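Enquirer: Mind having a look at this structure? Questions to follow.
No value in this document is a laboratory result; all are computed from the given coordinates. Quick caveat: nothing in here was measured; it's all calculated off a predicted structure. Quick reminder, even Gly has a Cβ in these numbers, built from the backbone with ideal geometry, and neighbours come from all protein chains shown.
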């Protein structure tokens, strides 16, 4: 498809209600970490941006939110122009300036502490990471505890960042600073806010 | 028999119906038209536009009628409407030096390029009620100047040429002005943000604070460099076009206060600036704003913060009359749940107090009760 | 989609424009991720006054969808004028279903109370907050209180509570009683009576707090520790009532005192009107219930 058409098509068919549905799924997932929220494909972004990650970007990003793209997405001009057309979000100069980061290839991604962690005064000024994962069942199981979880929850996301458990422990230790993560599969999402603690199943 | 109060919805409906009736008043008196308000209560319209942060005379006039002349209510109506409007872009900064001036006075020079221009002012009117106005007699046409208006450089520019006044701000070239309608306030704030808040601040509040600085609560030795009122062009940059596109003009009042300053550890002796700018014609507000702006620059200029007018958090947090009226008036909402908790506490504490202070009496009471 | 249109103005679904909703939604997500931390947000003017629930209304307007069922209470009651007004607002601008039944609501906006009926997972409780900063009355400056939260420096609050004990023999705070969330942030629960504080602790519902005038949003996720501040020798305790509800005989609920005449007669009835009505419909009768007073008439209350 021609790039111009590709960048214009594939947005929300019903912007007001699609955005609300996607947001509620993210809010519920953030409030109950590890719970998996199913999501219809409201958006059809160019590859390699996934439908779910694209829909999250459409519902949360705009010209007030600098956006960081990982190498896989940076290499796709169609993705950049699609995001630019539908959200108006400027691209962040550095990961530390980003309000949101879209990561199509988490296994190769930079360290979590390279993104904005917020400050002790304003811990909300941190990057929210949106990671593409193929599924939430075939990876190494992660046992989750913390606010939003009654006792414990388990997810097993595939293709997570390297040394993720160690990195996440460090993210926990920076609290109230730190990043929050949204894991997006093709048709669902789940969240890891900075308060969630991960125990490996072996432990 | 006790029946809980119900029917809030009907009560609210009926109250609003009565409000509409009282707003209209005696039906035999002609209803006000918006153009009458725009033309004949123009300064009220200006205040509503200024503190409502929306330059639209007709909507401001509508708000004044709808609010039965309650200015803060009218300002609130305009604000609640403006906040729903989409934002298309930001105009370029207005150039008040290029203003089509209708009034301009300077207190610092007897005469100056462009001259003193009194314009439509209450100054030097004798405040005698005018029965002829009540009778609605004919009003003579004003005199108009015959020659082309002379250029009117701003007084601050004249002083700056001699290097006697501080530079006009020290914002970096690439500074993007903030927007208090789009970003939460954060203290301490940059001067651009502070000026925005002051410009929509309550006239009465700023007037009282400005007055307090004159009476010695953070005195800042002000001279009115100039007050000017008139029309300024609005222009917007459009990426597709090589020049700025004119959108029209707005009437504003600008006050440049020149303040004597002996110097401090942070700044050399020089004249300093206080700035006021509001929509429409309102020099009381523009002057009060300029006094407050200068007072709020205390820390920047190395002065001690000793008075209310210099306290940024205090001034800016309380200058918005829509916020202030909402919170003061919310006290009339039901609070009986919390009051019940307090009642219980006071009763218990009084019982303990009584038992401590007057054990015999408490004993008597108890026996009597039994 | 427009909910309402006239010649001069059209309004979006749920009143707020989409960009404003996104901004508030981002703040809500940050609030959930940092429980008890007050997220600054660019609060908008709303068509009701500041101090009358604009924060709660903005939060509700940003989360609500066409499938939601909304309940609005003020002082625990669905029929107080401001609750009626806010409910009517959402019916008008979002055309959303409304209810007075706690169990049937997906979103409950409240001022000053938490419903007596236990909340369940999936429900969202939206609080209207006048002054979100629990330290504000000890330190009026935002710059200072922000520092205290950053450094987790809450000594001033303990000193205040301790002074209460020294002076009055007890902690003399009966509402807006400060809590600590997940062992980190001291938070204002909004001016609910402290009677309701224990309901916040590990609630299955998501709790969102909106302060419009003060431009802050904060949150307590489900199953999160919310602990009322106290001292070992003066543990936190809630208010107890000497008598049950005069209408439905409920005990261990919060009661309103109703003045019956000008000779000091009064009775106590449930502050939560929905709870009281439900109980009466189930046949519970207090000593002042109409059915009790007129034994011939045992018809259930309408």
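Enquirer: If packing is taken as the average count of other Cβ atoms within 10 Å, what order do B:116-127, A:95-106 fall into, highest mean first?
Expert: Ranking, from highest mean packing down: A:95-106, B:116-127.
Enquirer: Rank B:69, B:137, B:115 by mean-square fluctuation in a GNM of chain B with C-alpha springs under 10 angstrom and give only the top-ranked residue.
Expert: Looking only at B:69, B:137, B:115, the largest GNM fluctuation is found for B:137.
Enquirer: At 7 Å along the Cα-to-beta-carbon direction for both residue C:143 and residue B:244, put a label point, then send me their distance in nm to one decimal.
Expert: 3.3
Enquirer: Treat each spin label as a single point 7 Å out from the Cα along the C-beta direction, and report the residue C:252 to residue A:134 distance in nm.
Expert: Inter-label distance under the simple model: 5.2 nm.
Enquirer: For residue C:117 and residue A:175, what does the FRET efficiency come to when R0 = 22 Å and r is the distance between their Cβ atoms, rounded to the nearest 0.05?
Expert: The pair residue C:117/residue A:175 has a calculated efficiency of 0.05.
Enquirer: Take peptide B:83-89, look around each residue's Cβ out to 10 angstrom, count Cβ atoms belonging to other protein chains, and average those counts.
Expert: Average neighbour count from other chains, rounded to a whole number: 4.
Enquirer: Measuring from centroid to centroid over Cα atoms, what is the spacing of the range B:126-192 and the range C:235-284 in Å?
Expert: What the calculation gives is 61 Å, centre to centre.
Enquirer: Within the range C:30-44, whose backbone N sits under 19 Å from a point 7 Å along Cα→Cβ of residue C:136?
Expert: C:31, C:36-44
Enquirer: Which order do peptides A:183-193, C:180-190 fall in by mean Cβ count within 10 Å, highest first?
Expert: The packing order, highest mean first, is A:183-193, C:180-190.
Enquirer: Further question: Pull out the extension gain between residue C:243 and residue C:156, defined as 0.36 nm times the separation in residues minus the alpha carbon to alpha carbon distance; nm, one decimal.
Expert: Numbers: separation 87, 0.36 × 87 = 31.32 nm, distance 3.68 nm.
Extending this stretch completely gives an extra 27.6 nm.
Enquirer: Right, something else. Expressed as a fraction of 2.2 N^0.38 Å, the rule-of-thumb size for a compact globular protein of N residues, what is the C-alpha radius of gyration of the range A:3-200?
Expert: After normalising by residue count via 2.2 N^0.38 Å, the value is 0.96.
Enquirer: Dividing the Cα convex hull volume of chain C by residue count, how many Å³ per residue is that?
Expert: Spread over its residues, the Cα hull of chain C gives 167 Å³ apiece.
Enquirer: List the pair-distance distribution P(r) of chain B, using every Cα-Cα distance, as the percent of pairs falling in each 10 Å bin from 0 up to the bin containing the longest distance, rounded to whole percents.
Expert: Result, from short to long distances: 4, 17, 26, 22, 14, 8, 5, 3, 1, 0 percent.
Enquirer: Right, another one. Please give the helix B:71-82 orientation as an angle from the longest Cα principal axis of chain B, in degrees from 0 to 90, rounded to the nearest 10.
Expert: 80
Enquirer: Can you give the percent of C-alpha pairs in the range B:33-119 whose distance is more than 21 Å? Mind showing how you got there, number by number?
Expert: Working: 1797 of 3741 pairs.
Looking at the range B:33-119, the distances longer than 21 Å represent 48 percent of pairs.
Enquirer: While we're looking at this one, here's another question. Would you please give the FRET efficiency between residue B:299 and residue B:361, computed as 1/(1 + (r/R0)^6) with r the Cβ-Cβ distance and R0 = 51 Å, to the nearest 0.05?
Expert: 0.30
Enquirer: Beyond 37 Å, what share of the Cα-Cα pairs of the protein assembly as shown remains, rounded to the nearest whole percent?
Expert: Percent of Cα pairs beyond 37 Å in the protein assembly as shown: 54.
Enquirer: Between the alpha-carbon centers of the range C:199-231 and the range A:129-171, tell me the distance in whole angstrom.
Expert: About 25 Å separates the Cα centre of the range C:199-231 from the one of the range A:129-171.
Enquirer: Assuming R0 = 56 Å, what is the FRET efficiency of residue B:141 and residue A:71, from their Cβ-Cβ distance, to the nearest 0.05?
Expert: Working: r = 73 Å, r/R0 = 1.31.
Efficiency for this residue pair is about 0.15.
Enquirer: Scale the Cα Rg of the range B:123-282 by the rule-of-thumb value 2.2 N^0.38 Å and send over the ratio, two decimals.
Expert: 1.34
Enquirer: Who wins for biggest fluctuation among B:230, B:274, B:163 in a Gaussian network model of chain B, springs between alpha carbons below 10 Å?
Expert: Comparing B:230, B:274, B:163 in a Gaussian network model of chain B, the most mobile one is B:163.
Enquirer: Rounded to the nearest 500 deg cm²/dmol, what is the calculated helix-only ellipticity per residue at 222 nm for the protein assembly as shown, with -39500 (n - 2.57) per DSSP H run of length n ≥ 4?
Expert: Using -39500 (n - 2.57) per qualifying helix, the result is -10000 deg cm²/dmol.
Enquirer: Tell me the angle of helix B:8-24 to the major Cα principal axis of chain B, expressed in degrees between 0 and 90 and rounded to the nearest ten.
Expert: 40
Enquirer: What is the average number of partner chain Cβ atoms found within 10 Å of a Cβ in A:16-23?
Expert: Mean partner-chain Cβ count within 10 Å for A:16-23: 6.
Enquirer: Separate question: Testing the spin-label approximation: label points 7 Å from Cα along Cα→Cβ at residue B:125 and residue A:93. State their distance in nm.
Expert: Taking the two extended label points, one gets 5.4 nm.
Enquirer: Expressed as an acute angle from 0 to 90° and rounded to the nearest 10, what is the orientation of the C-alpha long axis of helix A:15-31 relative to the principal long axis of chain A?
Expert: Roughly 10 degrees, rounded to the nearest 10.
Enquirer: Which residue fluctuates the most in chain B, going by a Gaussian network model with Cα springs under 10 Å, if the choices are B:154, B:284, B:348?
Expert: B:348
Enquirer: Cα gyration tensor of the range B:1-71, axes a ≥ b ≥ c as square roots of the eigenvalues: rounded (a/c below 1.5), prolate (a/b > b/c) or oblate?
Expert: Values: a/c = 4.35, a/b = 2.01, b/c = 2.16.
In terms of gyration-tensor shape, oblate.
Enquirer: On average, how many beta carbons from a partner chain sit within 10 Å of the beta carbon of a residue in B:319-330?
Expert: Neighbouring Cβ atoms belonging to other protein chains average 5 per residue here.
Enquirer: Also: Just how far, in whole angstrom, is the range B:224-246 from the range A:99-124 if you go by their alpha carbon centroids?
Expert: Here the two parts' Cα centres lie 41 Å apart.
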